[in-house]
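Undergrad: Okay, handing you the structure first.
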Amino acid sequence: MISSFFSKLIMIMVLLLQFGMARAQQEGAEADFEQVMNRFNAVGAAVAVVKAGKIIYTHSFGLKDLEHKTPLTDQDIFRIASISKSFSATAIMQLIEAGKLSLNDDFGDLVGFKIRNPKFPDQKITLKMALSHTSGLNDSQGYLNLDLINPDKNPDYAKCYNDYAPGKGYQYCNLNFNLIGTIIEKKSGERFDQYIEKHILKPLGLYGGYCVDSLDSNRFVKLYEYHTDTKSFTPSPAAYAPRREEISQYVMGYSTPIFSPTGGMKISATDLAKYMIMHMHYGQADGVKIMSKKHSRLMQTKITEDEEYGLALRQTSNLIPGVKLIGHTGSAYGLYSTMFFNPEQKFGFVIITNGINATYTGDFPDFSRAALNSLYHYFMP
């Protein structure tokens, strides 16, 4: 009896010690992260940390609404900008597995009008090139509607193409993914936002989407542009424009850019981390299969030796020194989003801020780099 009592007492003491150490670690991490936020004048930031394939920490710092001093919470949702591209690419992988298209299909044939670089009229632009930003398309004329690149609608369509042959160069291009959203509609028969909700979000138990009116607007995080001259922020209401009139006149397979497949997903940091875990486990999470391991790995594999980009996911080893990561960033309307993970060691991070004084070193915002390194230091010893 005495031995049993002491065993239980020791167990309780060990658990209390572990709890105390974990609490001290968390407090240290939060204090350090707040210093990063102060350094870049961040309005608010939501984070989620994944270790051993599970979410081990979530927290929201700062404000959701600067004017009303409303605190940011883990339930609030952001427009996450270009991380959205990975949802579009995931949908394409599903349609490939359903036998409805191929990565080598002619991009124009899939979209429904001619997509050919007039400087290289005999060279096919493939779906794979569009997914990897090697199509030769550019955003010089914009990307918010398909008329820009449709030869029947725009006499200046040729300006949407670069001077190199398809597949022979890399240029990040939002137009690629708004066109890809169109293909998802044509091949699935479902409106883009509804396809993503039905085939990716709901199976994973995630709250989010591309259609503003399908979501609780009270959960939207206000986004802010920073002005270096006045050192002040102004709100960006266009981030959550419902575009009801355009949707009322929607043309399936052509009006798709209204939902911005290239950048329009709205989701919380916590739910984005759950989505990231699916990619971390090569296409499945909690027994739910979203796509095959083969196509998940393909999304994470860079297309050329010269570029880090795969199919809407990229590789990098210079965010955290010596650590290989896969993921994506996003920036729009003052928001900066970061989602990176290591699929071998099963850890990763989601960081979303609704407004910072943004400076860059290379391809990544200095805030994102500092925030990632802060979380890595405290949670991945």
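The values are calculated or read from the model by the stated rules, or taken from the named source; none is laboratory data. Owing to the predicted nature of the structure, the values given are computational and were not obtained by experimental measurement. Positions of Cβ are generated from backbone atoms using ideal geometry, with glycine treated the same way; all protein chains shown enter the neighbour counts.
Undergrad: Could you tell me which residue of the range 243-269 is surrounded by the fewest Cβ atoms within 10 Å (Cβ to Cβ), considering only residues that are within 22 Å of S82 (Cβ to Cβ) and of a type in the set (A, V, I, L, M)? Steps first, please.
TA: Filtering the range 243-269 down to residues within 22 Å of S82 (Cβ to Cβ) leaves 243, 246, 255-269.
When the remaining residues are screened for being of a type in the set (A, V, I, L, M), the result is 258, 265, 267, 269.
On the way: I258: 24, M265: 31, I267: 27, A269: 28.
By that ranking, first place goes to I258.
Undergrad: Looking only at the range 36-50, decide whether some residue is in the same structural domain as M278 (by TED's automatic domain parsing), among the β-branched types (V, I, T), outside any strand (DSSP E or B) and over 21 Å from the mean Cα position of the chain (by Cα). Before you say what the answer is, go through the steps one by one.
TA: Going through the range 36-50, the residues in the same structural domain as M278 (by TED's automatic domain parsing) turn out to be 36-50.
Now restrict to residues that are among the β-branched types (V, I, T): 36, 43, 47, 49-50.
This time we only want the ones that are outside any strand (DSSP E or B), so: 36, 43.
Next, from what is left, pick out any that are over 21 Å from the mean Cα position of the chain (by Cα): 36.
Taking every residue of the range 36-50 in turn, at least one turns out to be in the same structural domain as M278 (by TED's automatic domain parsing), among the β-branched types (V, I, T), outside any strand (DSSP E or B) and over 21 Å from the mean Cα position of the chain (by Cα).
Undergrad: Another question, then. Name the single residue that is surrounded by the fewest Cβ atoms within 10 Å (Cβ to Cβ) among those in the range 148-159 being more than 11 Å from K114 (Cα to Cα) and touching a Phe, Trp or Tyr at 6+ places or on another chain (Cβ under 9 Å).
TA: Within the range 148-159, the match that is surrounded by the fewest Cβ atoms within 10 Å (Cβ to Cβ) is K153.
Undergrad: Across the range 239-272, which residue is nearest to N218 (Cα to Cα) among those that are assigned to a helix (DSSP H, G or I), touching a Phe, Trp or Tyr at 6+ places or on another chain (Cβ under 8 Å) and in contact (Cβ under 8 Å) with a residue 60 or more places away in the chain?
TA: Only one residue tops the list, namely Y240.
Undergrad: Which one is nearest to M280 (Cα to Cα), of the residues in the range 296-313 that are among the acidic types (D, E) and surrounded by 14 or more Cβ atoms within 10 Å (Cβ to Cβ)?
TA: E308
Undergrad: What's the number of the only condition in (1) at pLDDT 95 or above; (2) basic (K, R); (3) outside any loop (DSSP other than H, G, I, E, B) that R23 fails to meet?
TA: (1)
Undergrad: Going through the range 61-81 one residue at a time, which ones are buried (at least 21 other Cβ atoms within 10 Å of the Cβ) and under 26 Å from M278 (Cβ atoms)? Show your work before the answer.
TA: Residues of the range 61-81 buried (at least 21 other Cβ atoms within 10 Å of the Cβ): 63-64, 72, 76-81.
Residues satisfying the conditions are L72, D76, I77, F78, R79, I80, A81.
Undergrad: State yes or no: is Y275 part of a helix (DSSP H, G or I), hydroxyl-bearing (S, T, Y) and either within 20 Å of L206 (Cβ to Cβ) or not assigned by TED's automatic domain parsing to the domain that holds G167 (or both)?
TA: On the way: part of a helix (DSSP H, G or I): yes; hydroxyl-bearing (S, T, Y): yes; either within 20 Å of L206 (Cβ to Cβ) or not assigned by TED's automatic domain parsing to the domain that holds G167 (or both): yes.
Considered against the rule, which asks whether it is part of a helix (DSSP H, G or I), hydroxyl-bearing (S, T, Y) and either within 20 Å of L206 (Cβ to Cβ) or not assigned by TED's automatic domain parsing to the domain that holds G167 (or both), Y275 comes out as yes.
Undergrad: Have a look at S232, S236, S214, S255 and point out the one that is closer than 25 Å to L110 by Cβ and not acidic (D, E).
TA: Values: S232 fails: closer than 25 Å to L110 by Cβ; S236 fails: closer than 25 Å to L110 by Cβ; S214 fails: closer than 25 Å to L110 by Cβ.
It is S255.
Undergrad: Continuing with this model, one more query. Return only the number of the condition from (1) surrounded by 18 or more Cβ atoms within 10 Å (Cβ to Cβ); (2) free of Cβ contacts under 8 Å to residues at least 40 places away in the same chain that E185 does not satisfy.
TA: Result: E185 passes all but (2).
Undergrad: Consider L131 carefully, then state whether it is outside the structural domain of E308 (by TED's automatic domain parsing), touching a residue at least 60 places away in the same chain (Cβ under 8 Å) and surrounded by fewer than 17 Cβ atoms within 10 Å (Cβ to Cβ).
TA: Numbers: outside the structural domain of E308 (by TED's automatic domain parsing): yes; touching a residue at least 60 places away in the same chain (Cβ under 8 Å): yes; surrounded by fewer than 17 Cβ atoms within 10 Å (Cβ to Cβ): no.
No.
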